[in-house]
Amino acid sequence: MKVRTLNARSIFLQGPLLALVLALFICPASKAQDFVRYFELQMSGSPAGWMRSTQTTDRDRITTTSDLNLTLKRGPVNIEIVMSSEFVETADGQPISMKSIQKMGSTPITTSYVFSTSDLTASTEQGGRTTTITRPLPKANWLTPAAGARFTLEKFKSGEKQIKLTTIDALSGPDPVTMTRTVGERETITIKGRLVSATRTVVDASTMPGVPSVEFINEHGETIKSETSMGGLKISMELAGPEVANAAIGEVAEMMVSTLIRPSRPIDHARTTKEAVYIVTNPNGKVPELPNAGFQTVEPIDEHSARVILDLSSPAPAPETDSTNHEFTGSSALIDATDENVKKLAQRATTKLRAAALKAHEDEANDGGAAIVTDVTPMKRAEAIRKAVYRHIKNKSLGVGFASASETVLSREGDCTEHGVLLAATLRADGIPARVVAGIVYVDEFTGQNAVFGYHMWAQALIEIDGKPRWIDLDAALSEKDAFDATHIAMSNSSLADDQPHNSLANIAGTIGTLQIKVESTR
């Protein structure tokens, strides 16, 4: 029997896309002198944009920057991604500041970090609103980008076969990233039609487990070509001239179909499925560490497989620390719960519920009955907010990259990411702790593909049930009627705090194009 189709335009997450883009920023240049270098970007062999890397020295300060412009197709829609990062350090490798700019929706998000001797201050600005937090300095021993480039070049020229570097990049946030570069043999490769001799190296980054990048290094220690693959998705960059920044982009590669996962069998009545058991396998590497939270329980089988059990009648208790974690109640650039329009949406969503509760109380009092609690339970408010977010986003579109809640509440446009982010923000605006979840969901058809799982985002609300806080899964992209079903498999969750906006992608990157799903049972 064919299941009812989701509004497919609203569901599929650009996590695979973001993971690939961020992979371009994880490897600092291995050149020690100042430079300006351009690269042509390709997705699955088709031109997709450009990247520029620079390093400049001004007296005792060194500034390293990366700028990227990428155009990709998601289904029938082209989207443009613009990102840049900047790191300023002293000549002897002491950090001063770093900054990232990301334009995934219509309004850029700028995050600036200032290092002091005791802490790190992060300020995030979007649309004239700025939030600022202070956090401890990174504890790990790490090198700044220019110092890391000098270190890598020295090790490379000395003939070391494995070079391990821990560094920080603004786009990945202030948590150090460890990169292990395995140096291979020299090969002859083609760059712009010319044969060039270069050393092949393989780079593994701690932020992208299971997703190595192949980099070709010339005799000066410069990266001249790199390739990163995630299953059916492949992005590469090749040394080019400055003219590449003005080159016209023709037909770009479609990136969604190759990320879809065909399970062992179709799932009947998917939207009404309340219980399910799946075997999740990554035959090419370790299975991700899937979260035990909400309606999901995970039982490891071996390093490649895990059994995922979903039971919508039995949400698991959450750690007590989640109830006091400010990240789930506060505001960030993406989940900006203090935005006036977000707060108004939350208020409109719950007004009828509160009015009905008040009237019931008044009727009870007029009849001489006992007083009742006039406030509406968090569970009822959360479901009312989920329905309101579904109705509010009128244009269920794949054409938005990754918009914040304040942007989406005005544009009323987006896919599952915008639904999930706006839902989390609106829940927080109503006083309910919330976070987003990245994972996969079953759909009976998408871009001509039948009975597949696709990457997805939804929200979780932290609600007390039977005296214990529990994460309750809520999906605003399904329909007004359907709150959630047991065809969702969570792979990661995140508060989308300003200093760690892409944590939700970590478990996704290494599974793209390789994950297998066996449906053991559903009902």
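The values are calculated or read from the model by the stated rules, or taken from the named source; none is laboratory data. None of these values were measured; they are calculated from a predicted model. Cβ coordinates were reconstructed from backbone atoms using ideal geometry, including for glycine residues, and neighbour counts include every protein chain displayed. Note: accessible area is taken over every heavy atom of the protein model, side chains too, but ligands, DNA and RNA are not part of it. Shrake-Rupley method; radii C 1.70, N 1.55, O 1.52, S 1.80 Å.
A few comments on the model shown:
- Among the candidates GLU187, GLU215, the residue that is of a type outside the set (Lys, Arg) and more than 20 Å from THR65 (Cα to Cα) is uniquely GLU187.
- Note on the range 35-58: residues that are among the charged types (D, E, K, R) and without any contact (Cβ under 8 Å) to a residue 24 or more places away in the chain amount to 1.
- Scanning the range 304-327 for residues that are part of a loop (DSSP other than H, G, I, E, B) and open to solvent by 70 Å² or more (accessible area, probe 1.4 Å) gives SER313, PRO319, THR324.
- Residue list for the range 252-270, filter: open to solvent by 10 Å² or more (accessible area, probe 1.4 Å) and part of a helix (DSSP H, G or I): VAL257, SER258
- Once the range 25-46 is narrowed to residues that are at pLDDT below 85 and open to solvent by 40 Å² or more (accessible area, probe 1.4 Å), the residue that is nearest to THR190 (Cα to Cα) is GLY45.
- Filter pass, ARG435 being basic (Lys, Arg) and surrounded by 24 or more Cβ atoms within 10 Å (Cβ to Cβ): yes
- Flag if LEU72 is aliphatic (A, V, I, L, M), crowded, with 22+ Cβ neighbours inside 10 Å and modelled with pLDDT under 85: yes
- All positions within the range 414-437 that are at pLDDT 90 or above and either in contact with a Gly (Cβ under 7 Å, 6 or more places away or on another chain) or of a type in the set (D, E, K, R) (or both): GLU418, ARG428, ASP430, ARG435, VAL436
- Residue satisfying condition, being within 16 Å of PRO315 (Cα to Cα), at pLDDT 90 or above and either part of a strand (DSSP E or B) or among the small types (Gly, Ala, Ser) (or both), within set ASP485, ASP473: ASP473
- Among residues of the range 127-164, those that are in contact (Cβ under 8 Å) with a residue 60 or more places away in the chain, touching a strand residue (DSSP E or B) at 6+ places or on another chain (Cβ under 9 Å) and within 19 Å of HIS220 (Cβ to Cβ), counted: 7
- Residue in the range 296-307 that is modelled with pLDDT of 95 or more and closer than 24 Å to SER479 by Cα present: yes
- Test: residue in the range 274-286 that is in contact with a strand residue (DSSP E or B) (Cβ under 7 Å, 6 or more places away or on another chain), closer than 20 Å to TRP458 by Cα and in a loop (DSSP other than H, G, I, E, B): no
- Failed item in (1) over 21 Å from ILE109 (Cβ atoms); (2) surrounded by fewer than 21 Cβ atoms within 10 Å (Cβ to Cβ), with LEU462 passing the rest: (2)
- When ALA486, ALA476 are checked against the criterion of being open to solvent by less than 10 Å² (accessible area, probe 1.4 Å) and within 20 Å of the chain's Cα centre (by Cα), a single residue qualifies: ALA476.
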